[in-house]
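K.L.:
Mind having a look at this structure? Questions to follow.
Here, each number is a calculation from the coordinates, and none is a lab measurement. The shown structure was predicted, so the numbers you read here are calculated from the model rather than taken from an experiment. No Cβ is skipped: glycine too gets one built from the backbone with ideal geometry, and neighbour counts run over all protein chains shown.
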Amino acid sequence: MTLQATDAVGNSAEPSPRLAESSISNDVGFLLAKLHAAGSVLNNAALAEFGLKERSYSVLALACGDLGPTQRELADFLSLDPSQIVALIDELEQRGLVERKAGVSDRRQKLVAATAEGRKVHAAAQKAAKAAEARHLGMLTTQEVASLRSILRKAVWAETP
């Protein structure tokens, strides 16, 4: 998998093969950062036609589930500041894709749920994001993709396979 670097204005640039031989290219933190950067570019390109970016898509995807996440849970899960979550939800709410509801046990909590339109947009955006992911990971076998997913989940949530 070759990760594309981008310059300050987002133009693609080939990574230097000479620098790829440096010791940092075996550093897990560095590789994860490179993978995240490449994944963000990939996701944002795939989601652009839906007026979404990686972060707003993540909020919408979680709002489409049956878990009824609170704003606080979204912030914690997505590792974002609560003010960032509020801005993302405000944007999605203005577009009619999500709505805030009072919590059942604590009315001060704000649950975030997708609207029918939000579910429709999410389904189409998810399809585009999965297709982009499949193209990007096309050099890996199905088993390698499953292993990558399992290893990343284990590293993030200390899950056992």
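K.L.:
Starting from segment 66-141, pick out the trypsin sites (Lys or Arg not before Pro) whose DSSP state is loop and whose Cβ has at most 12 other Cβ atoms within 10 Å.
P.N.:
Those that pass, being in a loop and sparsely packed, are R107, R108.
K.L.:
In addition: So what does the Cα-only Debye profile of the chain read at q = 0.18 Å⁻¹, as log10 I(q)/I(0), no solvent term?
P.N.:
Cα-only, vacuum Debye calculation for the chain: -1.25.
K.L.:
Further question: Could you calculate, for segment 53-127, the ratio of the Cα radius of gyration to the Kirkwood radius, expressed as Rg to Rh?
P.N.:
A ratio of 0.94.
K.L.:
What lysines sit close enough to K101 to cross-link, taking a C-alpha to C-alpha distance under 29 Å and skipping anything fewer than 8 places away on the same chain?
P.N.:
K53, K110, K120, K127
K.L.:
Projected area of segment 93-161, taken from the Cα convex hull and averaged over every viewing direction, in nm²?
P.N.:
Its average projected convex-hull area is 7.4 nm².
K.L.:
Something else about it: Using the crude model of +1 on Lys and Arg Cβ and -1 on Asp and Glu Cβ, and no other charge, please compute the dipole size for the chain relative to its Cα centre, in debye to 20.
P.N.:
Computed charge dipole of the chain: roughly 400 debye.
K.L.:
Within a Cβ distance under 12 Å of T115, other residues only, what is the Lys/Arg minus Asp/Glu net charge? Before the final figure, lay out each step's value.
P.N.:
Details: positive: R95, R100, K101, R119, K120; negative: E93, E99, E117.
Summing Lys and Arg as +1 and Asp and Glu as -1 gives +2.
K.L.:
Can I ask one more? Lys/Arg Cβ at +1, Asp/Glu Cβ at -1, dipole of the chain taken about the Cα centre: which of G29, I151, L62 is farthest positive-ward?
P.N.:
L62
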